[in-house]
Amino acid sequence: PSNIFTPAHATTASAVRDFFLIRPIGEQPIPFPHKTHVEKAMLKCTETCHEAVTKGPIAGIPGVKTCMICHDSIATDKPLIMKITNDYYKKGVDLPWQRVYGFTPEAHVRFNHAPHIRAGVGCATCHGDVAKQTVAERVVDHSMGFCVNCHKAKNASYDCLTCHY
């Protein structure tokens, strides 16, 4: 007999966590100061760091080369920038960012950022006010009810096959 609980879950605990939408908290390599970049430097999420968001399904997580576009000459004496430069960039190693949002494979959800951006849905609608966060954290519950209510409010299709495969 196998020790696997189900084909989708190796353990009972894993199945329970997924059922109750309990997601792990991603440990980030650095405490990225979104507030500094958005409010002080006036960078736009979709133009600087998450530029893939307008083109396809994923927003993309910026690599160390994206950081160094500015930080090759800006704030180079700051300890965090020195860490990024010495521990990652100079070694040719990318920052091991952990995803904060996402659907489990078991949810069979096919999500595409691009049509949401084109429809004018702001990032904060689904991700909370990340601009005020230092380390990005999950503050919005992406339940089916959350998505369906938004689709209904915006007169978008809420047919099952719009999101599920």
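The values are calculated or read from the model by the stated rules, or taken from the named source; none is laboratory data. Please read all numbers here as calculations on a predicted model, not as lab measurements. All Cβ positions, even for glycine, are placed from backbone atoms using ideal geometry, and neighbour counts span all protein chains on display. Side chains are part of the model used for accessible areas, which takes the heavy atoms of the whole protein and leaves out ligands, DNA and RNA. Shrake-Rupley method; radii C 1.70, N 1.55, O 1.52, S 1.80 Å.
Listed values, structure above:
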{"item": "Selected residue (criterion: most open to solvent (accessible area, probe 1.4 Å)) from residues of the stretch 66-82 that are polar (S, T, N, Q) and part of a loop (DSSP other than H, G, I, E, B)", "result": "SER73"}
{"item": "Residue within the stretch 134-153 that is surrounded by 12 or more Cβ atoms within 10 Å (Cβ to Cβ) and closer than 14 Å to THR46 by Cβ present", "result": "no"}
{"item": "Complete set of residues in the stretch 85-98 that are part of a helix (DSSP H, G or I), in contact with a helix residue (DSSP H, G or I) (Cβ under 6 Å, 6 or more places away or on another chain) and closer than 26 Å to PRO24 by Cα", "result": "TYR88"}
{"item": "Tabulated pairs, the stretch 63-79, first at positive phi, second part of a helix (DSSP H, G or I) and surrounded by 12 or more Cβ atoms within 10 Å (Cβ to Cβ), C-beta under 8 angstrom, 6+ apart or interchain", "result": "ALA75/ILE81"}
{"item": "When residues of the stretch 23-55 are limited to those that are out of contact with any helix residue (DSSP H, G or I) (no Cβ under 8 Å at 6 or more places or on another chain) and of a type in the set (Val, Ile, Thr), the one modelled with the highest pLDDT", "result": "THR36"}
{"item": "PRO105 being modelled with pLDDT under 95, within 20 Å of the chain's Cα centre (by Cα) and open to solvent by 90 Å² or more (accessible area, probe 1.4 Å)", "result": "yes"}
{"item": "Cβ pairs under 7 Å, 6+ apart, first in the stretch 46-57 and of a type in the set (Gly, Ala, Ser), second open to solvent by less than 50 Å² (accessible area, probe 1.4 Å)", "result": "ALA52/ALA59; ALA52/GLY60; GLY56/ALA114"}
{"item": "Condition met for THR125 (under 17 Å from VAL38 (Cβ atoms) and not in a loop (DSSP other than H, G, I, E, B))", "result": "yes"}
